Amino acid sequence: MAQVEATTERVVAADAEKVFDALADYTGTRANLLPEQFSEYEVREGGDGEGTLVHWKLQATSKRVRDCLLEVSEPTDGELVEKDRNSTMVTTWRVTPAGEGKSRVVVTSTWNGAGGIGGFFERTFAPKGLGRIYDLVLDKLATEVEK
């Protein structure tokens, strides 16, 4: 099994603190950022960054649905890490200043992929598909924080 990685980034016209707070607000803003590929969103514990436990289903393709139960931590300033209890997937959100009134948001997901020919296709296509989904999330994030 090889590790699979998908990374997407965007510069948004808002201060890093505002952007980070929006991403860490699982009881409010975060639910509004999720496109149609996400369903059954539910905050089970916490709701603001570190210590949050959140559930959703992610439909990456017409046939592939992940049931995600994510533990949220904040290992460093400007960083949210979501570890899925149901798989090896770990998603890290990093928000850093990118000039006057701007922030860079980088989202990276990694997981242990399948072996064999299935793993080849997963490593080839899954990062692109997940990247498109994260682009939608980042579009909504930019709209939210640039108000």
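The values are calculated or read from the model by the stated rules, or taken from the named source; none is laboratory data. Fair warning: this is a prediction, and the values are worked out from it, not measured in the lab. So basically every Cβ, Gly included, is an ideal-geometry build from the backbone, and we count neighbours across all protein chains shown. Protein only, heavy atoms only, side chains kept; ligands, DNA and RNA dropped before computing areas. Shrake-Rupley method; radii C 1.70, N 1.55, O 1.52, S 1.80 Å.
Is the range 94-113 home to any residue that is out of contact with any Lys or Arg (no Cβ under 9 Å at 6 or more places or on another chain), surrounded by 15 or more Cβ atoms within 10 Å (Cβ to Cβ), modelled with pLDDT under 90 and farther than 19 Å from LYS18 by Cβ? Yes, because at least one residue in the range 94-113 is out of contact with any Lys or Arg (no Cβ under 9 Å at 6 or more places or on another chain), surrounded by 15 or more Cβ atoms within 10 Å (Cβ to Cβ), modelled with pLDDT under 90 and farther than 19 Å from LYS18 by Cβ. Of the residues examined, GLU79 is not one that is at negative phi, open to solvent by 50 Å² or more (accessible area, probe 1.4 Å) and either acidic (Asp, Glu) or touching a residue at least 40 places away in the same chain (Cβ under 8 Å) (or both).
Conditions tested, residue by residue: (1) at negative phi; (2) of a type in the set (Phe, Trp, Tyr); (3) open to solvent by 30 Å² or more (accessible area, probe 1.4 Å); (4) in a strand (DSSP E or B).
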{"residue": "GLY51", "(1), (2), (3), (4)": "no, no, yes, no"}
{"residue": "VAL54", "(1), (2), (3), (4)": "yes, no, no, yes"}
{"residue": "ASN86", "(1), (2), (3), (4)": "yes, no, yes, no"}
{"residue": "THR92", "(1), (2), (3), (4)": "yes, no, no, yes"}
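Go through the residues of the range 59-74 one by one and say whether even a single one is touching a helix residue (DSSP H, G or I) at 6+ places or on another chain (Cβ under 7 Å), farther than 17 Å from GLY131 by Cα and open to solvent by less than 20 Å² (accessible area, probe 1.4 Å). No, the conditions are met nowhere in the range 59-74.
For first residues located in the range 27-55 and under 12 Å from ASP67 (Cα atoms), partners that are assigned to a strand (DSSP E or B) and among the hydroxyl-bearing types (Ser, Thr, Tyr) and lie 6+ apart or on another chain with Cβ distances below 8 Å form the pairs VAL54/TYR41; HIS55/TYR41.
Scanning the range 83-103 for residues that are among the basic types (Lys, Arg) and closer than 18 Å to LYS57 by Cβ, we see that the one that is nearest to the chain's Cα centre (by Cα) is LYS83. Considering only residues in the range 56-70 that are without any contact (Cβ under 8 Å) to a residue 40 or more places away in the chain and not in a strand (DSSP E or B), the one that is nearest to ARG85 (Cα to Cα) turns out to be ARG64. Take the residues in the range 1-37 that are open to solvent by less than 30 Å² (accessible area, probe 1.4 Å) and in contact with a Phe, Trp or Tyr (Cβ under 6 Å, 6 or more places away or on another chain); name whichever of them is nearest to LYS128 (Cα to Cα). Looking at residues that are open to solvent by less than 30 Å² (accessible area, probe 1.4 Å) and in contact with a Phe, Trp or Tyr (Cβ under 6 Å, 6 or more places away or on another chain), I get THR8. Hey, any hits in the range 130-137 for a residue that's in a strand (DSSP E or B) and either of a type outside the set (A, V, I, L, M) or within 21 Å of THR8 (Cα to Cα) (or both)? The answer is no; no qualifying residue exists.
Among the residues making up the range 1-26, those that are without any contact (Cβ under 8 Å) to a residue 60 or more places away in the chain and either among the aliphatic types (A, V, I, L, M) or assigned to a helix (DSSP H, G or I) (or both) are GLU17, ASP21, ALA24.
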